[in-house]
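Report on the structure given below.
The values are calculated or read from the model by the stated rules, or taken from the named source; none is laboratory data. Keep in mind that what you see is a predicted model, and the values were worked out from it rather than measured. As a convention, Cβ positions derive from the backbone with ideal geometry for all residues, glycine included, and neighbour counts pool all protein chains shown.
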């Protein structure tokens with residue numbers, strides 16, 4: 001079977017009958033005696049999960065990081081919620097939307113490991129982080145620290161407060177392949193001065209997949225009296241952790257990525273004592289300075305999306321945090337281990353399994369990232385995204401739980417041919 005026939009046959013398989021949530025739950029329960037690491041390698045089992053997704057037959061999608069589109073059982077839940085709210089209209093919105101949203105926040109807080117009083121639902125990580133960045137009481141001369149590898153629009157938000165309030169932004173550059181946690185912690189610590197008020201740091205660098213030692217950075221920063229705001233856009237439901245264990249002051253994430261909610265769902269965490277120090281972007285009716293509703297008001301919100309967050313949590317819990325993390329890490333190591341030592345191949349993601357999970361970045365000497373991404377699509381029908389900035393030159397590769405090793409073999413073969 002040639003690669004194009006393979007792509008069509010595997011994708012069309014996904015159009016077949018999908019299982020309901022109960023059936024999926026039973027499938028995973030039948031594997032309770034198997035360790036997540038072992039189950040991660042069971043292609044026959046994960047091919048069943050693949051059937052929950054409606055996949056385009058045009059290409060192999062290795063760009064799930066932008067948007068983890070949702071499996072069909074969640075699509076049906078989303079449509080059901082939309083129909084319900086559209087049927088009841090204002091009666092639902094006036095009588096149930098606030099209380100229903102509060103229940104979802106409680107459920108989400110249990111998954112991400114923090115108090116519901118410190119958590120709010122937003123529309124994405126950018127909105128969450130902008131609420132904090134724009135809402136601080138900045139003074140001229142205040143200093144902040146961020147990395148050139150941080151997400152572009154968040155860097156722009158930091159530059160905006162610099163031009164608006166006279167804040168001084170200091171930029172560091174995180175090495176793609178650090179030797180230790182201490183190297184990264186020292187990078188930020190060495191940039192601190194008596195005027196430093198705030199550090200922006202990525203939990204997982206979106207362009208390389210490197211996981212940073214957030215707890216160590218936060219502990220160090222707090223010892224200097226500096227607040228830490230964490231961009232966790234790619235972390236929630238990607239690998240297991242509790243926000244409260246990180247000791248950060250602020251945390252923002254997008255739920256439409258690895259939690260696989262519909263587009264337009266994110267979260268904002270603010271440590272309880274820090275909430276009064278943030279001014280809201282959109283003014284609502286909440287006046288209590290210690291309530292997240294004061295700083296997270298968004299007006300009339302897409303309630304059907306909020307309700308589907310609850311279903312996405314159910315789906316995620318059915319898979320299991322450890323099992324999903326193991327599967328994503330297995331897929332990443334599967335392809336990176338087979339190309340890492342090839343001539344001309346440049347891997348911009350650490351080999352240490354504790355420093356990466358499902359995301360990795362690969363380049364080829366002599367080929368521009370945009371050209372590499374184009375050739376992968378044109379010649380091999382593999383969809384990726386080229387990255388050519390912040391000392392990162394390559395394509396970001398983000399498989400999902402439904403990705404097969406057969407698909408990755410096509411990708412591996414493509415890299416071998418182009419690097420030869």
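Just a few scattered comments:
- Residue identified as assigned by TED's automatic domain parsing to the domain that holds residue 269, farther than 29 Å from residue 220 by Cα and part of a helix (DSSP H, G or I) among 156, 99: 99
Per-residue answers, yes or no, for (1) touching a strand residue (DSSP E or B) at 6+ places or on another chain (Cβ under 7 Å); (2) without any contact (Cβ under 8 Å) to a residue 24 or more places away in the chain; (3) crowded, with 24+ Cβ neighbours inside 10 Å; (4) assigned to a helix (DSSP H, G or I):
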position	(1), (2), (3), (4)
221	yes, no, yes, yes
253	yes, no, yes, no
257	no, no, yes, no
262	no, no, yes, no
284	no, yes, no, no
287	no, yes, no, no
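- Residues in segment 373-394 that are without any contact (Cβ under 8 Å) to a residue 60 or more places away in the chain and either closer than 27 Å to residue 259 by Cα or crowded, with 19+ Cβ neighbours inside 10 Å (or both): 373, 376, 386, 393, 394.
- Boolean, residue 120 is part of a helix (DSSP H, G or I) and under 18 Å from residue 271 (Cα atoms): no
- When 417, 370 are screened for being farther than 20 Å from residue 176 by Cβ and without any contact (Cβ under 8 Å) to a residue 24 or more places away in the chain, only 417 passes.
- Evaluating residue 200 against the criteria (1) touching a residue at least 12 places away in the same chain (Cβ under 8 Å); (2) part of a loop (DSSP other than H, G, I, E, B) leaves one unmet condition, (2).
- Condition check for residue 51: under 30 Å from residue 411 (Cα atoms) and touching a helix residue (DSSP H, G or I) at 6+ places or on another chain (Cβ under 8 Å): yes
- The number of residues in segment 289-323 that are touching a strand residue (DSSP E or B) at 6+ places or on another chain (Cβ under 9 Å), closer than 18 Å to residue 92 by Cα and surrounded by fewer than 20 Cβ atoms within 10 Å (Cβ to Cβ) comes to 2.
- Filter pass, residue 333 being crowded, with 18+ Cβ neighbours inside 10 Å, at pLDDT 95 or above, in the same structural domain as residue 21 (by TED's automatic domain parsing) and under 28 Å from residue 132 (Cα atoms): no
- Set 341, 370: member being at negative phi, loosely packed, with under 15 Cβ neighbours inside 10 Å and at pLDDT 95 or above: 370
- For segment 18-36, the tally of residues that are surrounded by fewer than 14 Cβ atoms within 10 Å (Cβ to Cβ) and part of a helix (DSSP H, G or I) stands at 4.
- Filtered residue count, segment 72-105, keeping only those that are in contact with a strand residue (DSSP E or B) (Cβ under 9 Å, 6 or more places away or on another chain) and without any contact (Cβ under 8 Å) to a residue 60 or more places away in the chain: 1
- Taking the criterion of being assigned to a loop (DSSP other than H, G, I, E, B) and touching a strand residue (DSSP E or B) at 6+ places or on another chain (Cβ under 8 Å), the residues of segment 264-275 that qualify are 265, 271.
- Members of segment 106-115 found to be touching a residue at least 24 places away in the same chain (Cβ under 8 Å) and either over 22 Å from residue 273 (Cβ atoms) or in contact with a helix residue (DSSP H, G or I) (Cβ under 6 Å, 6 or more places away or on another chain) (or both), listed by number: 107, 111, 112, 113, 114
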